[in-house]
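What follows is one structure encoded as structure tokens, with my remarks underneath.
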Amino acid sequence: MLEYLKVGTIVNVHGVHGEVKVIPDTDDPNRFKKLKKVFLVSGGARKQVEVRGVKISNKFVILKLEGLDDRDAANLLRGTELEIERKDAVKLPKDTYFIGDLIGCRVVEENGNLLGKVEDVIPGAGCDVYDVYDEQGKNIMIPALADVILKVDVAAGEITVRLLPGLREVYS
């Protein structure tokens, strides 16, 4: 399991006092209001900064970060990812997982047949979809439905699935 979880990406500046505009990687941007610190991640480096202010604006989160006091300094952070320590993450409801914990998990059918690894999780209106690739680069999209996802073992890095008939024909 990951020690740090990505919570968003800085995409722009906001105003002239060093605030940054963030696209959140969460289904509830209001979670940012509880953060006291975040880690700026860029080029493999991780730097902790204190959160001094949070505003929610449409689909964006506006953050005021410690030490960021002008537009030019904030502009240099475009594209920087924001992470938090796992211990600071919200507690998830049963049978829900952090996307970062699912990425890289092996996906196997209940008979043990390896389908591949999760490369991405695509949020959907009805359910998320796991984008899975095998070693030959063959792709299968697996809906995160109770009838399909039988078991998720994040610690072991494995997801057990039962392909429904329509999925099997697409994959075969």
(message) Out of the residues in the stretch 78-121 meeting the condition of being modelled with pLDDT under 90 and β-branched (Val, Ile, Thr), tell me which one is surrounded by the most Cβ atoms within 10 Å (Cβ to Cβ).
(response) ILE99
(request) Name every residue in the stretch 23-59 that is in contact with a helix residue (DSSP H, G or I) (Cβ under 8 Å, 6 or more places away or on another chain), assigned to a strand (DSSP E or B) and either in contact (Cβ under 8 Å) with a residue 40 or more places away in the chain or crowded, with 16+ Cβ neighbours inside 10 Å (or both), in order of residue number. (result) PRO24, LYS37, VAL51, VAL54
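One line per residue, one yes/no per condition, for (1) in contact with a His (Cβ under 8 Å, 6 or more places away or on another chain); (2) under 27 Å from ASP128 (Cβ atoms):
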| site | (1), (2) |
| --- | --- |
| VAL13 | no, no |
| VAL20 | yes, no |
| ASP25 | no, yes |
| PRO29 | no, yes |
| PHE32 | no, yes |
| GLY44 | no, no |
| GLY67 | no, no |
| ASP70 | yes, no |
(request) Evaluate the following for LYS87: is it of a type in the set (D, E, K, R), in a loop (DSSP other than H, G, I, E, B) and within 29 Å of ASP153 (Cα to Cα)? (result) no
(message) Quick check on the stretch 108-126. Is at least one of its residues on the phi > 0 side of the Ramachandran plot and small (Gly, Ala, Ser)?
(response) yes
(message) Return the pair list, or none, for Cβ contacts closer than 8 Å from residues in the stretch 88-104 that are under 18 Å from VAL132 (Cα atoms) to residues that are modelled with pLDDT under 85 and not β-branched (Val, Ile, Thr), at least 6 apart or on different chains.
(response) PHE98/LEU2; GLY100/LEU2; ASP101/MET1; ASP101/LEU2
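The values are calculated or read from the model by the stated rules, or taken from the named source; none is laboratory data. What you see is a predicted model, and the numbers here were worked out from it, not measured in a lab. Cβ sites come from the backbone with ideal geometry, for glycine too, and all protein chains shown count toward neighbours.
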